[in-house]
Every structure is written in C-alpha cells, then in structure tokens.
Amino acid sequence: MKVIDETMSIYQILNEYPFLLKIFKQHGMRKFENKEVLEKLGPLLKLKTALSMVSVNKDSFIKLLNQAILDSEAKGDFTLADSPERQKELTLLALLPCGMKMPFNRTFDDFSAEYSRQMNNVLHSLVEGNVNHELSYYAYIDLITSIDELPDIIVSSDINSFYHKPFQENFLNKEYFVNLASSPMNIDFESIGFADPRGQFTMISANLLVLVTIDKLMKDNTKPKSWEDLLKDEYRNKVIMRGQDGFFCNGVLLPFYRMYGMEGIKKLASSVYSGLHPSEMVKMIDSKKDDVPPMYIMPYFFAKKIQDKSRITINIPSEGAIVSPVQMLVKKSAVERVKGITDFLCGKEFGKISARAFFPTTNPEVDNNLNGVDSLYWLGWDFLMNTDIGALKKKLKRFSINSLRKPVVLCEACYSSRSSIVRKNQYHYQDHRRAYTQGFHNWGGKI
C-alpha cells in the first residue's frame, strides 16, 4: 500500500482512497465531501496544512488514515445487501428508520472521531436504512446459528427478524445479550411496559405511527377517532399506508392484527388504496390536489414534514400512536469493550437529538416534547414472546397482498380519460398508472 504522509494533497489522498472521507468528516473536514471543493481546493491543499486549520494532531490523524487503509485492504468495503455474512467484522451495525438516519450519522460521525482518537483505532461501523433490508438482510438473520456471526452491537428498527422464532431460540433464549437501558426508563415508555422483561433488548427509541387526514377531502366522512374506525366500510379505498413492491409495513399490520384479528386485517385491506413510502405521502399531501386519498398512516417524523399544516390534522387515535421500536442488541461478552459506544447511544445527548427529530427516547433525563401525542400503543412483550412472529408476518403478507391486489385487467373506464364515470371517481383515473404497476386496482367499478 502507499503510505499516507503530510506532504500529500487532500485530492491525492481522497481520489485514491475515497473511503477515507468518513475519517476526514469525523475530524471537522466535511467540506471535502463537496466534489467541487475537492476538485478545486484539494489539489492545492497539503494534508499538514488542512490539519493545522482544524487543529487536529497530525501524527495521530495520519496513523489513523494508514490503519484504515490496512484494514480496508485486509477486509474490503462491503454493503449489507451484498455481503450480510461480513457483519461479524463490525463493532456496530445500525439499521435505522428513514428520518433518524441523517441525525444519527451527523452525531455518530463526531462521536466516532473522538472515540477513534481515544482508542487509537478505527471504529468499524455501518449505518444503513432499515427499509432496504426487509427482504434481504433480515431474511439472512433467520438462518444464522452462531453468536460469532453477529456484530458486537446491532441497532435495528421495527418488528424484524430479531423477534422471529429462529433468533429467539438460537440467541434470545440463551441470553447472549444484555439490556443497558435506564430503569425506570422515560415516563412516556415506562407507562406502556416498553422495557424487555427478559433483559435482552435495549429499547432506545421509537418511530411513532399516526393518522394524518386532509380535512377538506374528508367531506361527509367524520374523522376516525380510533384505529378501529379505519375498518369501516365508509373508508373503503381512502387510506394510504407504507408499502412498496409487495411489502407492507409490519409496524401497521402487526398492531392491527393484535387489536382486531384477521378480520381486522381483511377490513384494513379494503380501506387501503395503496402503499407508498412516507416521503411520497408527504409529496402527495403537499401537492394540494383534490384527487388524492384523504387519510395516511405515517410516521410522526414525516407528518411533521408536511408544509401546509393548516390543511391537515395529525390524529392520535384513541388506542394511541403506534410504537414501532428502535432497539439495540449488545453482546454480553462485549459489554466492557464497547461501553463507550453504548453509553453514547443510551445517553442524554443522543436522546435529545433523537427527540428533536421526533423519535422519542427512552432516556429518563430527556423531555420528548410529545405535545398532542397523549397516548401510545405498544404490541406488548407477552404477544411478542408467545407468538411465532415470523410465521404470522408471512400469513399477514399473503393475506394483505391478496386482499389489496385486484385482477390486473384494465377496467373499461380506464381506457378513456374522457369517461365521466372515472372523473367522478375521485383519484382512481388520476393515479391509475401507479395503482396498476403496483398491482392495486381498488376501484369499486366493474372490471
């Protein structure tokens, strides 16, 4: 390998070893992630000069860069989707909900830089979006049998494969992990029994699911007062929930099943018009069109991103905002070795950052400021421990998709945008292309 020294230019270093940008960012040199800055300033700026500008110890930083190159050449970079078996090389793996990933990355970059300086070693971590791995990484988790195949710390979101029977039998029942959360936890969560009674999961935060209504589009329909109200016939095809490419949000389906059984899932399927990513829901609402569905089951974070809040209401149904967990698994054998990292993730400062991003924290020292969110709904540990969650999710997936998908045959009205029948059918013809490509055809007209 080529050894990094102080006389090399920033461009020379990052052009040859682009993965080192993470270390530069961790040490206050974020500007070099801007391609224009790197190409114009980088060739002129020597490493020793750049380090003196940000008051970073030259020898320690260069040692860190060279160690990172050695580690990369020995191990190679990887993505979780392509090489899930290489997760064992990591100290920390974080699979986070959309909205939490960015503030986590910003904060963790700063922490990681200081941690690496203190430990005189690079912190091997990988932070990715949770939604990308429902059909890839989590399927792999169902197959592993050895604790050595896992990172020391895993932060994950939603009711995922870590709650499935294989993982429970191979790992949770053998008590390979330890709960590091404060006890009692934040009052917002203590009151719903959020702490794992087995002491395996460290519950650190939550992605809250709420119901957003576009008020003027509700017309003669009264606003739902409960999640159960969404199951009524009057709300047929009026709801959007998270889903895409044959996948629908377990964070919604499992609580509805828990509360209302399979009959409730059947009725929910009748109410759901289609599945979208929450960011697409926000765009749909902010389009201010009248031919869109009036109700959206979405994360609280995204509800807060809607621009014109005078048009909408963020409703908290009587059962409570649905809690989709953000949890951490920490190997018992690694507790002392990773204490600095877990103290940070469970600590007050990170808790504040999480709460400001509308992901309430379990840290008892932080005020989550859940103004207007007066109750929370949690599935409960009895249900999670005594149900074959993996088998149930497969059953719900088959049922919900079969119920939501209609015959993929274009109805006669759809052939002509001039049809008055279609125009009167609110958003059916306007959004038919999306509905057709996703396999939905929830119009009540004749096929």
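Summary table below
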quantity	calculated
Filter result for K225 (basic (K, R), surrounded by fewer than 19 Cβ atoms within 10 Å (Cβ to Cβ) and in the same structural domain as N315 (by TED's automatic domain parsing))	yes
Breaking point among (1) at pLDDT 95 or above; (2) hydroxyl-bearing (S, T, Y); (3) over 17 Å from S318 (Cβ atoms), for T213	(3)
First in segment 379-397 and aromatic (F, W, Y), second anywhere and assigned to a helix (DSSP H, G or I) and at pLDDT 95 or above, Cβ under 6 Å, 6 or more apart	F383/R258
Filter result for F167 (of a type in the set (F, W, Y), under 22 Å from T342 (Cβ atoms), free of Cβ contacts under 8 Å to residues at least 40 places away in the same chain and touching a Ser or Thr at 6+ places or on another chain (Cβ under 9 Å))	yes
Options I23, I13; residue that is under 30 Å from I154 (Cα atoms) and either modelled with pLDDT of 85 or more or surrounded by fewer than 15 Cβ atoms within 10 Å (Cβ to Cβ) (or both)	I23
Index of the failed condition, D382 passing every other in (1) surrounded by 15 or more Cβ atoms within 10 Å (Cβ to Cβ); (2) modelled with pLDDT of 95 or more; (3) outside any loop (DSSP other than H, G, I, E, B)	(1)
Top-ranked residue in segment 239-263 [being of a type in the set (D, E, K, R) and not in a loop (DSSP other than H, G, I, E, B); ranked as nearest to G320 (Cα to Cα)]	R258
Number of positions in segment 7-41 that are of a type in the set (K, R) and closer than 22 Å to K63 by Cβ	3
Helices (runs of 4 or more DSSP H) contained in segment 1-62 and holding at least 2 residues assigned by TED's automatic domain parsing to the domain that holds F108	none
Within segment 350-379, tally of residues that are more than 18 Å from F111 (Cβ to Cβ), crowded, with 22+ Cβ neighbours inside 10 Å and small (G, A, S)	0
Search result, residues across segment 195-222 that are in a loop (DSSP other than H, G, I, E, B) and assigned by TED's automatic domain parsing to the domain that holds Y163	A195, D196, P197, R198, G199, Q200
Some residue of segment 241-250 being of a type in the set (F, W, Y), in contact with a helix residue (DSSP H, G or I) (Cβ under 9 Å, 6 or more places away or on another chain) and at pLDDT 95 or above	no
Tabulated pairs, segment 216-238, first on the phi < 0 side of the Ramachandran plot and hydroxyl-bearing (S, T, Y), second at pLDDT below 90 and surrounded by 14 or more Cβ atoms within 10 Å (Cβ to Cβ), C-beta under 8 angstrom, 6+ apart or interchain	Y235/N221
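Rundown of residues vs (1) closer than 19 Å to A94 by Cβ; (2) free of Cβ contacts under 8 Å to residues at least 60 places away in the same chain, yes/no style:
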residue: Y300; (1), (2): no, no
residue: I312; (1), (2): no, no
residue: I316; (1), (2): no, no
residue: V326; (1), (2): yes, no
residue: V330; (1), (2): yes, no
residue: E336; (1), (2): no, yes
residue: K339; (1), (2): yes, yes
residue: D343; (1), (2): yes, yes
residue: C346; (1), (2): yes, no
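Residue-wise test of (1) crowded, with 16+ Cβ neighbours inside 10 Å; (2) within 30 Å of N250 (Cα to Cα).
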| residue | (1), (2) |
| --- | --- |
| K2 | no, no |
| T7 | no, no |
| A50 | yes, no |
| I62 | yes, no |
| L92 | yes, yes |
| P97 | yes, yes |
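So that you can scan it fast, the table gives a plain yes or no per residue for (1) closer than 25 Å to S279 by Cβ; (2) in the same structural domain as D59 (by TED's automatic domain parsing); (3) outside any loop (DSSP other than H, G, I, E, B):
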| position | (1), (2), (3) |
| --- | --- |
| F104 | yes, no, yes |
| A113 | no, no, yes |
| R117 | no, no, yes |
| E128 | yes, no, yes |
| L143 | no, no, no |
| I159 | yes, no, no |
| Q168 | no, no, yes |
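Residues are listed down the side, and each one gets a yes or a no for (1) at pLDDT below 95; (2) out of contact with any Ser or Thr (no Cβ under 8 Å at 6 or more places or on another chain); (3) closer than 22 Å to L180 by Cα; (4) not aliphatic (A, V, I, L, M):
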residue: T313; (1), (2), (3), (4): no, no, no, yes
residue: S324; (1), (2), (3), (4): no, no, yes, yes
residue: R337; (1), (2), (3), (4): yes, yes, yes, yes
residue: F358; (1), (2), (3), (4): no, yes, no, yes
residue: P364; (1), (2), (3), (4): no, no, yes, yes
residue: D374; (1), (2), (3), (4): yes, yes, no, yes
residue: K395; (1), (2), (3), (4): yes, yes, no, yes
residue: K406; (1), (2), (3), (4): yes, yes, no, yes
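The values are calculated or read from the model by the stated rules, or taken from the named source; none is laboratory data. This structure is a prediction, so every number in the text was calculated from the model and none was measured. All Cβ positions, even for glycine, are placed from backbone atoms using ideal geometry, and neighbour counts span all protein chains on display.
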